[in-house]
Amino acid sequence: MGILDFLRSKPKNTANLARERLRIIVAQERSTRGGPDYLPLLRSELLEVIRKYVHVDPDAVNVNLESDSGHDVLELSVALPESEDDNA
Amino acid sequence: MTEILVVTSGKGGVGKTTTSASLATGLAQLGKKVAVIDFDVGLRNLDLIMGCERRVVYDFVNVIQGEATLKQALIRDKRLDNLYVLAASQTRDKDALTQEGVEKVLKGLEEDKFDYVVCDSPAGIEKGAHLAMYFADQAVVVVNPEVSSVRDSDRILGLLASKTRHAENGSGEVAQHLLLSRYNPVRVAAGEMLSVQDVEEILGISVVGVIPESEQVLAASNAGVPVILDNESLAGQAYQDTVARILGEERPLRFLDVQRKGLLKRMFGG
Ligand SMILES: Nc1ncnc2c1ncn2[C@@H]1O[C@H](COP(=O)(O)OP(=O)(O)O)[C@@H](O)[C@H]1O
Ligand SMILES: [Mg+2]
């Protein structure tokens, strides 16, 4: 457990971290792309409101803009934590 | 038909100018008539990388504003006589580039029967970068295996699909090529750097080439010789493969694995 462990654990796989972070942010930015400029702000304000009631991850709120035969539909989905029932 | 190819990225310093110079030179080596244009108004650099900085008399903006003809402003490469450079203006006026002006120059190059026009984009997503990509038929998006570069290139891919002439006129799509540059297989193997597969997976598109991180790139820019002309260098060879792939040839990716020799050289400075 001493110094050897410390040395061994030094080269952390930070590439994995980068990959996971990019996956999330790229997916998020794609979902609001091409929509109005206020979408990202709308998303984060919604997140704030939702967090007053339930504790969710920052990437649990998904905002999607779909164009459907002439009009735009704003799709909103919130992934609630699994243990929500027990907490309530 | 003149193919307009933009080299773009969003982020600065990822290797756009290095790539523009090498792709333009590589296409010319294969017999194509090529012009390479520096769109970085105020920050002229391509002339240095191409080694023609002392022969710049007129620039891109001079042609747009009618102060010089295209013929006067195009600098013929010393090594390849079917390769020409159009330098960026040093003006601080960012409005010197206009869509009509750029279109006029591109039309002129088409009349002069150029096969390829390579547009070296400035960094960012502002006017210069927008105009560099606007008329493109093909795009090479240069990305480094690093978080901010990958994120920016995803933005650029989005812009290419929506904010270009082809997208606006519904006249087809801009062909997208992802070029992963400054790749270091040793660091990838150590889990310190995103791999080719990681980048392809995150962006959802496969690479047209992988350019290794190479000391020869600096040497080439010091000398004003595009690195693709250095047949010994891995970066030069990787650029040659990339040019062939852009022209439709299938070639396997090279230089993705850790090379023992390279590592020893690194350690013992050989
Ligand atoms: N494959 C590479 N290996 C090592 N250094 C590189 C490589 N590609 C580019 N560089 C260096 O990175 C720096 C930025 O390159 P440049 O082509 O000017 O980028 P950009 O035009 O995107 O700002 C330069 O110093 C260049 O020499
Ligand atoms: Mg540049």
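The values are calculated or read from the model by the stated rules, or taken from the named source; none is laboratory data. On a predicted model such as this, the values are computed, not experimentally measured, just so you know. Glycine also receives a Cβ, built like all others from the backbone with ideal geometry; neighbour counts cover every protein chain displayed. Accessible surface areas use protein heavy atoms only, side chains included; no ligands, DNA or RNA. Shrake-Rupley method; radii C 1.70, N 1.55, O 1.52, S 1.80 Å.
What to note about this one:
Residue-by-condition table, conditions (1) open to solvent by less than 20 Å² (accessible area, probe 1.4 Å); (2) more than 16 Å from the chain's Cα centre (by Cα):
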site: B:Gly158; (1), (2): yes, yes
site: B:Ala175; (1), (2): no, no
site: B:Leu179; (1), (2): yes, no
site: B:Val186; (1), (2): no, yes
site: B:Ile211; (1), (2): yes, no
site: B:Ser214; (1), (2): no, yes
site: B:Val227; (1), (2): yes, no
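- Residue match in segment B:213-222 (condition: away from ligand 2 (no atom under 16 Å from the Cβ) and under 28 Å from B:Gly158 (Cβ atoms)): yes
- Take the conditions (1) outside any helix (DSSP H, G or I); (2) surrounded by 11 or more Cβ atoms within 10 Å (Cβ to Cβ); (3) modelled with pLDDT under 85; A:Pro40 misses just one of them, which is (1).
- Of all residues in segment B:140-156 being in a helix (DSSP H, G or I) and under 15 Å from B:Lys16 (Cα atoms), the one that is nearest to the other protein chains (Cβ to nearest Cβ): B:Val150
- Every residue from segment B:25-43 that is under 19 Å from B:Ala123 (Cα atoms) and away from ligand 1 (no atom under 12 Å from the Cβ): B:Val36, B:Ile37, B:Val41, B:Gly42
- Of all residues making up segment B:22-49, the number that are in a helix (DSSP H, G or I) and either crowded, with 24+ Cβ neighbours inside 10 Å or touching a residue at least 60 places away in the same chain (Cβ under 8 Å) (or both): 11
- Selection within segment B:164-185 - in a helix (DSSP H, G or I) and within 12 Å of another protein chain (Cβ to nearest Cβ): B:Ala167
- Residue that is farthest from the other protein chains (Cβ to nearest Cβ) [pool: residues in segment B:188-209 that are assigned to a loop (DSSP other than H, G, I, E, B) and open to solvent by less than 50 Å² (accessible area, probe 1.4 Å)]: B:Ile205
- Wholly within segment B:53-139, helices (runs of 4 or more DSSP H) carrying at least 2 residues that are within 21 Å of the chain's Cα centre (by Cα) and at pLDDT 95 or above: B:60-64, B:99-111, B:127-134
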